[in-house]
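The next block holds one structure in the form of structure tokens; read it before the comments.
The values are calculated or read from the model by the stated rules, or taken from the named source; none is laboratory data. What you are looking at is a predicted structure, and each value in this text was computed from that prediction instead of being measured. Positions of Cβ are generated from backbone atoms using ideal geometry, with glycine treated the same way; all protein chains shown enter the neighbour counts.
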Amino acid sequence: MSEPRIYNPEMECMNPDEKKALQGERLRKTVKHVYDNVTLYRERMDAKGVSPDDIQSVDDLKLLPFTEKTDLRDTFPFGLFAVPKEQIVRIQGSSGTTGKPIVSGYTENDVKIWTEMVARAMAGIGADEKDIIQVCYGYGLFTGGLGAHQGATEVGAMVIPMSSGNTQRQIMMMQELGSTILCCTPSYAAYLGESIRDAGLVPKKDIKLRAGLFGAEPWTEAMRQHIEETLGIDARDIYGLTEIAGPGVAFECQEKNGAHINEDHVIAEIIDPVTEEQLPYGTAGELVFTTITKEGMPMLRYRTHDICTLYNDKCKCGRTTIRMGRITGRTDDMIIVRGVNVFPSQIETVLVKTAGVVPHYQLIVDRVNNSDTLEVKVEMTEEIFAQTDSLGEMQRLQKYIRDQIKSVVGILTKVTITAPKSLPRSEGKAKRVIDNRKL
Ligand code: ADP
Ligand code: ZN
């Protein structure tokens, strides 16, 4: 086991002026590249009256048009590629949690850069050739599996490409091979933690895990604590999306105060999702990325619909890259219940802190007699399930959770506590919201 380290100090610890100059230079090149090679970008820029020469530095970013997921669907499959197909060596696709699939194409250099982005996250948890890294993100079009695999290989670790699913086999391999680092979604990490405990295995003794890189779906600080306690590990956040590269766009250092964005490859902005104006550091809004080194499928001002805050204050780890706070929701998975904006993360925070239930939950929205209803289904722990006078205990718990949610979110919900392991498990991204309203 090694200490956390900085994989590429030259790029991760640049002073702000150097960084701005490098980003400006790479942005100019990217804009010219897409203007010359991608019809959609050329038409959008022409329509806005912006020419590549107008973009000289990062400050000019706001002149550029936005790109949306619908643009990827409309031009599917190759319409946004900026190089001849012969130069594309890889296709990855979105897992499709938000609709029809989309694809992204990578040149050899794009794969190399993506690999290094994940290697930086790996180095941040001190991963090296002494580590055994178990990857239980799905392998395939989804960027999670291959992305984590490439980064783990880059730092010289022994990689176990488990892919998702088959929890008993995951645990057996983990035990037999002595895996030290786990890569999967946070919801699956929590599930693995419980399954390990149910199997009577003791973390740190029977299981050698010491750290994990978790991402691909939103999670909360409370969920981090839960995972760290159940698995006895250091749990870190890793963020990414197919359109930009995959996991590794940003990752947490040992300070755990937001994920460092790999700013030598992407420029991040926060905008007001309604007015589309840029917002200052420290203000929550929609995250927008522009790639500045990607060749195969560069993205100009891609609207992620992820809501978060950017921070540019100094981090103790020594990196000078800006950090993104946790994703508190997506502009498209916010549920509006009786006019109140509700994010699954708010409810997750309440549930993780409540003794007697485990953080496996679903939010079911419906409309009854023209009024919205929100039901929170959550599983009880095995201990509570085993108690003889569980009925009274259950009613007390339900009321407690309902009151807590009322005070945090401001609306009354129906809380249903279900039997252990009764809610559907997701080995990939957890599906938290089921909206049955006919809109
Ligand atoms: P999709 O989920 O749209 O099919 P991707 O598989 O590319 O596409 O997932 C990208 C999205 O996953 C991000 O825009 C974000 O919403 C979510 N995501 C990825 N990593 C994290 C993370 N660490 N925290 C919160 N959300 C994340
Ligand atoms: Zn840091």
Fill in the blank from the handout: Filtering the stretch 266-295 for residues that are of a type outside the set (A, V, I, L, M, F, W, C) and within 16 Å of ligand 1 (Cβ to nearest atom) leaves a count of 7
Practice task
Just one of (1) touching a helix residue (DSSP H, G or I) at 6+ places or on another chain (Cβ under 8 Å); (2) under 24 Å from Glu263 (Cα atoms) trips up Lys48, so point out which.
Solution key: (2)
Problem - Of all residues in the stretch 188-227 being charged (D, E, K, R) and more than 16 Å from ligand 1 (Cβ to nearest atom), the one that is surrounded by the fewest Cβ atoms within 10 Å (Cβ to Cβ) - result: Lys205
Problem - Listing of strands (runs of 3 or more DSSP E) fully contained in the stretch 76-162 that carry 3 or more residues being without any contact (Cβ under 8 Å) to a residue 40 or more places away in the chain - result: 158-160
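Condition check ((1) surrounded by fewer than 15 Cβ atoms within 10 Å (Cβ to Cβ); (2) of a type outside the set (Val, Ile, Thr); (3) under 30 Å from Pro84 (Cβ atoms)) across all residues:
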| site | (1), (2), (3) |
| --- | --- |
| Glu276 | yes, yes, no |
| Pro280 | yes, yes, no |
| Phe289 | no, yes, yes |
| Arg301 | no, yes, yes |
| Gly325 | no, yes, no |
Handout entry: Subset tally (residues that are within 16 Å of ligand 1 (Cβ to nearest atom) and buried (at least 21 other Cβ atoms within 10 Å of the Cβ)) for the stretch 307-320
Key = 3
Practice task
Give Ser422, Ser426, Ser407 a once-over and let me know the one that is outside the structural domain of Asn166 (by TED's automatic domain parsing), exposed (fewer than 14 other Cβ atoms within 10 Å of the Cβ) and part of a loop (DSSP other than H, G, I, E, B).
Solution key: Ser422
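In this structure, is Ile347 surrounded by 15 or more Cβ atoms within 10 Å (Cβ to Cβ) and either without any contact (Cβ under 8 Å) to a residue 40 or more places away in the chain or among the basic types (Lys, Arg) (or both)?
On the way: surrounded by 15 or more Cβ atoms within 10 Å (Cβ to Cβ): yes; either without any contact (Cβ under 8 Å) to a residue 40 or more places away in the chain or among the basic types (Lys, Arg) (or both): no.
Answer is no for this residue.
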Fill in the blank from the handout: When Val50 is run through (1) in contact with a Leu (Cβ under 6 Å, 6 or more places away or on another chain); (2) modelled with pLDDT of 95 or more; (3) within 16 Å of ligand 1 (Cβ to nearest atom), the failure sits at (3)
Practice task
Could you tell me whether Val118 is touching a Pro at 6+ places or on another chain (Cβ under 7 Å) and closer than 22 Å to Glu295 by Cβ?
Solution key: yes
Handout entry: the stretch 249-305: number of residues that are within 15 Å of ligand 2 (Cβ to nearest atom) and of a type in the set (Gly, Ala, Ser)
Key = 3
Handout entry: Looking only at the stretch 218-266, and only at residues there that are assigned to a loop (DSSP other than H, G, I, E, B) and of a type in the set (A, V, I, L, M, F, W, C), the one that is farthest from Lys431 (Cα to Cα)
Key = Cys253
Problem - Near pairs, Cβ below 8 angstrom, 6+ apart or cross-chain, from the stretch 238-259 (charged (D, E, K, R)) to any residue that is assigned to a loop (DSSP other than H, G, I, E, B) and within 16 Å of ligand 2 (Cβ to nearest atom) - result: Glu252/Gly258; Glu255/Cys315; Glu255/Lys316; Glu255/Cys317
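Yes/no per residue for (1) farther than 27 Å from Pro101 by Cα; (2) among the hydroxyl-bearing types (Ser, Thr, Tyr); (3) at pLDDT 95 or above:
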| position | (1), (2), (3) |
| --- | --- |
| Ile132 | yes, no, yes |
| Ser164 | no, yes, no |
| Arg169 | yes, no, yes |
| Cys184 | no, no, yes |
Completion exercise
Turns out the strands (runs of 3 or more DSSP E) fully within the stretch 314-382 with at least 3 residues that are β-branched (Val, Ile, Thr) and away from ligand 2 (no atom under 16 Å from the Cβ) are 335-337, 357-368, 371-380
Practice task
Quick one: count up the residues across the stretch 69-82 that are surrounded by fewer than 20 Cβ atoms within 10 Å (Cβ to Cβ), in contact with a strand residue (DSSP E or B) (Cβ under 8 Å, 6 or more places away or on another chain) and at pLDDT 95 or above.
Solution key: 1
Exercise for the section: Just give me the residues in the stretch 321-349 being farther than 24 Å from Glu252 by Cα, within 16 Å of ligand 1 (Cβ to nearest atom) and either of a type in the set (A, V, I, L, M, F, W, C) or more than 17 Å from the chain's Cα centre (by Cα) (or both), in sequence order. Expected result: Met334, Ile335
